[in-house]
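Working notes, structure below.
The values are calculated or read from the model by the stated rules, or taken from the named source; none is laboratory data. In this text, all values refer to a predicted model and were calculated from it rather than measured experimentally. No Cβ is skipped: glycine too gets one built from the backbone with ideal geometry, and neighbour counts run over all protein chains shown.
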């Protein structure tokens, strides 16, 4: 009698693991992808602040874009930098705005169902021209 009860519970752990594993994998890969997106967002914000600070002290637009590209550890071919206003229209006491955008590719296929294949992070910084 005791042996029959043991044989009935033999596959229980396997069934429980099969039910829980997709949820655990979704949670694990969600945490990883969120970390990648958050890291890219921090770098993009840092690049926007670096560019705005350089523009606030009177640098040219090309120097601002170069500073932004050098200050972020991302693929610069995907980076979009917008400087407003252009260097000829900046006046002392006015504002300069640097906007940086970067698309983050989502690698986990079942996470991209919820977010899409890319998530665009954006950094924006406004400073007064000195």
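When you check residue 38 against the structure, is it closer than 30 Å to residue 22 by Cα, modelled with pLDDT of 95 or more and not in a strand (DSSP E or B), yes or no?
So residue 38 passes the test.
State all residues of segment 79-122 that are in contact with a helix residue (DSSP H, G or I) (Cβ under 7 Å, 6 or more places away or on another chain), free of Cβ contacts under 8 Å to residues at least 40 places away in the same chain and assigned to a strand (DSSP E or B); if no residue qualifies, say none.
Correct list: 81, 83.
Going by what's in this entry, would residue 76 be described as touching a helix residue (DSSP H, G or I) at 6+ places or on another chain (Cβ under 9 Å), surrounded by fewer than 16 Cβ atoms within 10 Å (Cβ to Cβ), under 19 Å from residue 124 (Cβ atoms) and modelled with pLDDT under 95?
Yes.
Can we say residue 53 is closer than 15 Å to residue 81 by Cβ, under 21 Å from the mean Cα position of the chain (by Cα) and part of a helix (DSSP H, G or I)?
No; evaluated as a whole, the condition is false for this residue.
Filter segment 57-70 for residues that are in contact (Cβ under 8 Å) with a residue 12 or more places away in the chain, touching a helix residue (DSSP H, G or I) at 6+ places or on another chain (Cβ under 7 Å) and either surrounded by fewer than 17 Cβ atoms within 10 Å (Cβ to Cβ) or not in a helix (DSSP H, G or I) (or both) and give the result.
60
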